[in-house]
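The values are calculated or read from the model by the stated rules, or taken from the named source; none is laboratory data. Values in this document were obtained by computation on a predicted structure and should not be read as measured data. Here the Cβ is made from the backbone with ideal geometry for all residues, glycine too, and neighbour counts use every protein chain on show. Just the protein is used for accessible areas: all its heavy atoms, side chains included, with ligands, DNA and RNA removed. Shrake-Rupley method; radii C 1.70, N 1.55, O 1.52, S 1.80 Å.
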Amino acid sequence: MTDRLTVLAMTGFFMLLTGVACSDSSDSHEMDGKPAAVIFDTDMATDCDDAGALAMLHALERKGEATILATVVNNKGDHSAGMVAAINAFYGRPGLLTGAYLGDVVSTEPRPFFAEIAQDTEMYGHTAATRIGFPDAVEVYRRVLADAGPSEVVVVSVGHLNNLHDLLQSGPDRYSSLNGMELVRRKVDHLVVMGGHYPSGREHNFAARESHRFTGAALDRWPTRILFSGYELGENILTGPALNVLDPSHPVYRAYADHPSDPLVNGRQSWDQTAVLAAVRNPEFYWDLSGPGRVTVDEDGSNSWVDDPEGRHLYLIEREVPGPEKVASIIGELMGDMP
């Protein structure tokens, strides 16, 4: 079966070969006539780009380009899942299935303003503020994947890979008789990962704290194609000032307003937003794709790229047109799109 990533890449490559203009219109991604069915996996802890990425994902859903199946958190910060739930509720999805990492390894406590938003359940209409009020992330994955059609789901990971590692190791349960590896193989079209530095380097999501213990194993065993958006890609895409049109009570506005880098004035790097954009729309509208290969990860979380014509991995490469400023404008417009 031809997967969604292959369809998108082939279509974009055909456009480039024939000189057909690439559009950023809201329906430009729909090569197969269906919105992308997304599970969003985030650390939602220390940086505002996680909040910006979730905001633009909700905007893409309202435009009919995406369907958010679930949101999950991949660190044990007590208020990370509550922050995710607050954003979901603000965008009219208070019942959106959200899972928390309930393990004890990857620990990144959210910034105080994230905790404040998570605890403001009356304002935003979500029901739980701390992680004990949410189901386990792997359980959420298995539940959603069991209900999905063949090769239907696109997983977007913008944090550590512990949830994905644990999902692959999971066994049959009340949702599915399949083990985690087979469930992913059958139900996931491809995985988009914001992590690493390409062609080589060391980046936070792969290497921070104890997350490196999961990174290499998860990537080596993952049975579908993986598209990587590296640190170098989002570093040059600055967004934030477009959010100044939002009400100060908006949870994403608050996330940016309280960030110490003052992103509402200076802009903030858009690492996580690149992964969302590449998952929902044809990535070749905005970036070049590497040839096939494999990402290898050392014990300290450093990654390297190995060319391999049989490899299932690809990574995004910045190009002059449309360029970082134009991509920043597109992302900023989506982030600032009010429900």
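Quick one: GLU182 ticks every box in (1) part of a loop (DSSP other than H, G, I, E, B); (2) open to solvent by 10 Å² or more (accessible area, probe 1.4 Å); (3) not β-branched (Val, Ile, Thr) bar one, so which box is it?
(1)
Looking only at region 83-127, which residues are surrounded by fewer than 21 Cβ atoms within 10 Å (Cβ to Cβ) and hydrophobic (A, V, I, L, M, F, W, C)?
The answer is ALA89, LEU96, LEU97, LEU102, VAL105, PHE113, ALA115, MET123.
Go through the residues of region 69-82 one by one and say whether even a single one is in contact with a helix residue (DSSP H, G or I) (Cβ under 9 Å, 6 or more places away or on another chain), open to solvent by 60 Å² or more (accessible area, probe 1.4 Å) and without any contact (Cβ under 8 Å) to a residue 40 or more places away in the chain.
No, because not a single residue in region 69-82 is in contact with a helix residue (DSSP H, G or I) (Cβ under 9 Å, 6 or more places away or on another chain), open to solvent by 60 Å² or more (accessible area, probe 1.4 Å) and without any contact (Cβ under 8 Å) to a residue 40 or more places away in the chain.
Filter region 140-171 down to the residues that are crowded, with 22+ Cβ neighbours inside 10 Å and part of a loop (DSSP other than H, G, I, E, B) and list them by number.
GLY159, HIS160, LEU161
Name the pairs whose Cβ atoms lie under 6 Å apart, with the first residue in region 324-335 and open to solvent by less than 10 Å² (accessible area, probe 1.4 Å), the second in a helix (DSSP H, G or I) and among the polar types (S, T, N, Q), and 6 or more positions between them or separate chains?
Note: pairs meeting the criteria are ILE331/GLN273.
Does ARG174 satisfy the condition of being at pLDDT 95 or above, charged (D, E, K, R), within 19 Å of PHE40 (Cα to Cα) and open to solvent by 40 Å² or more (accessible area, probe 1.4 Å)?
So ARG174 does not fit the description; no.
Could you check, for region 209-231, whether at least one of its residues is within 17 Å of the chain's Cα centre (by Cα) and basic (Lys, Arg)?
Among the residues of region 209-231, at least one is within 17 Å of the chain's Cα centre (by Cα) and basic (Lys, Arg), which makes the answer yes.
What's the number of the only condition in (1) out of contact with any helix residue (DSSP H, G or I) (no Cβ under 7 Å at 6 or more places or on another chain); (2) without any contact (Cβ under 8 Å) to a residue 60 or more places away in the chain; (3) more than 20 Å from ASP41 (Cα to Cα) that LEU191 fails to meet?
Of the numbered conditions (1) out of contact with any helix residue (DSSP H, G or I) (no Cβ under 7 Å at 6 or more places or on another chain); (2) without any contact (Cβ under 8 Å) to a residue 60 or more places away in the chain; (3) more than 20 Å from ASP41 (Cα to Cα), the odd one out for LEU191 is (3).
Got a sec? Which helices (runs of 4 or more DSSP H) wholly within region 73-139 have at least 2 residues that are within 14 Å of ASN163 (Cβ to Cβ)?
Result: 80-90.
Could you figure out which of (1) outside any helix (DSSP H, G or I); (2) surrounded by fewer than 24 Cβ atoms within 10 Å (Cβ to Cβ) isn't true of LEU191?
Only one criterion is unmet by LEU191, namely (2).
Does GLU320 meet the test of being touching a residue at least 60 places away in the same chain (Cβ under 8 Å), surrounded by fewer than 24 Cβ atoms within 10 Å (Cβ to Cβ) and either part of a loop (DSSP other than H, G, I, E, B) or not aromatic (Phe, Trp, Tyr) (or both)?
no
In region 60-81, how many residues are farther than 21 Å from VAL140 by Cα and either touching a strand residue (DSSP E or B) at 6+ places or on another chain (Cβ under 9 Å) or basic (Lys, Arg) (or both)?
Summing the residues that are farther than 21 Å from VAL140 by Cα and either touching a strand residue (DSSP E or B) at 6+ places or on another chain (Cβ under 9 Å) or basic (Lys, Arg) (or both) in region 60-81 gives 4.
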